[in-house]
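Written below as structure tokens is the structure these notes are about.
The values are calculated or read from the model by the stated rules, or taken from the named source; none is laboratory data. Since we're looking at a predicted model, the values are computed, not measured. Here the Cβ positions follow ideal geometry from the backbone for every residue, glycine too, while neighbour counts run over all protein chains shown.
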Amino acid sequence: MTIDNLTKQTGEWLRGEGPYSDVVISSRIRLARNIAGFPFLSKASDSDRKQIFRLLSDCIGDLEFGQENLIVDIEDAQEIDRQLLVERHLISRQHAEGEGTRGVAVSAGEKRALMINEEDHLRIQTMRSGLQLIPLFEEINALDDSLESQVEYAFDKRLGFLTACPTNVGTGIRVSVMLHLPALKITNHIEQMFRAAKDLKLAVRGLYGEGTDAIGDFFQVSNQVTLGLSEEQIVDEFATKTIPQFVEYELAARNTLLKERVHLLDDKIWRAYGTLENARALSSDETLFLLSHLRMGVSMGRCQKIDTDQINRMFISVQPAHLQKLTGRRLGGEERSVARAEFLRQSLASRN
């Protein structure tokens, strides 16, 4: 598998399947780990980084990671390839923009990604479409155990796993769920969700995680507390209480729109469809808002001219790096807007 092969598939996080998939885009669990005997990356020398990279690359190569896996040397990768990996949620922006020896291993189907030398020596990530945190935890726990049988993690009996950032000390676990909440936004109840998240000590971020704004009504909700609770407690709370409650809020808002503001709802859905079908230039942000409203319309049965799978394919294909890969050439900002609109028109025309 190569990076270019990724552009030919939707990717796990946009598969549009699984429990609560009309609201829950994807579930992700990430573990932060460091190797005993090596300094944290902020203090590591070039030689340290290279040793860590070789050690972990060899360990990953020994895992049952799938024959069609992809290992990318991020330091040597082209900028457009690094950006494509960010757009597919396989690496963080910090990893793409960092310096020095670093890499990522990606499994077939993009269900697993292991970042080497990001903020910590190792970031293990598993991802699924819909709300599937409990099976995800079983998978990542087994993967973590396999790696720990080959290397010694930095661990303190009192504090737990030692990490570069104090907020990750303890379990080192970050549970993150991406939610699509257009109805809460339309009904002006999204701030109530933010307040509820804050009261529960949760972080709410944009589409690409830390440091990004919410675009197109897509929000990432993740835990902030990693010390004092077990991994199982954090995952179970998210899977059985926290996320189902947010899903319930969004579905209630959608029901309110159907009962009390159906003309406004349909106007937003069909205005989005009409713009996507006819526009000659579209920015990334505008496109995501339009696709967000269209996805809501499909989920609520208000639009049968398109399905969620096609919306998801358009969603990823119009991202800047993907768009340039698909067109086979570098594009400036205005050129991307024109190419994006043309791609969307052709995609919708193919359905008629």
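Which one is surrounded by the most Cβ atoms within 10 Å (Cβ to Cβ), of the residues in segment 91-116 that are free of Cβ contacts under 8 Å to residues at least 40 places away in the same chain and under 12 Å from the mean Cα position of the chain (by Cα)?
It comes out as Ile91.
Which helices (runs of 4 or more DSSP H) sit wholly inside segment 226-302 and have at least 1 residues that are closer than 19 Å to Leu207 by Cβ?
Answer list for segment 226-302: 243-260, 262-278, 284-299.
Hey, does segment 255-275 have a residue that's within 18 Å of the chain's Cα centre (by Cα), closer than 20 Å to Leu181 by Cβ and not assigned by TED's automatic domain parsing to the domain that holds Gly130?
Checked against the condition, which is being within 18 Å of the chain's Cα centre (by Cα), closer than 20 Å to Leu181 by Cβ and not assigned by TED's automatic domain parsing to the domain that holds Gly130, segment 255-275 yields no hits at all.
I'm trying to understand the selection: among the residues of segment 155-168, which are hydrophobic (A, V, I, L, M, F, W, C), assigned to a loop (DSSP other than H, G, I, E, B) and crowded, with 20+ Cβ neighbours inside 10 Å?
Matches in segment 155-168: Leu162 only.
Quick check: anything in segment 169-181 free of Cβ contacts under 8 Å to residues at least 40 places away in the same chain and not in a loop (DSSP other than H, G, I, E, B)?
Scanning segment 169-181 turns up no residue that is free of Cβ contacts under 8 Å to residues at least 40 places away in the same chain and not in a loop (DSSP other than H, G, I, E, B).
Report yes if Gln94 is under 22 Å from Ser27 (Cβ atoms) and in a strand (DSSP E or B), otherwise no.
Taking the combined requirement at face value, the residue does not satisfy it.
From Ile134, Ile140, Ile173, Ile190, grab the single residue that is surrounded by 18 or more Cβ atoms within 10 Å (Cβ to Cβ) and either charged (D, E, K, R) or farther than 26 Å from Leu41 by Cβ (or both).
The conditions single out Ile190.
Among the residues of segment 124-153, what is the count of those that are closer than 24 Å to His95 by Cα, in contact with a Ser or Thr (Cβ under 8 Å, 6 or more places away or on another chain) and not in a helix (DSSP H, G or I)?
Looking only at that region, the number is 3.
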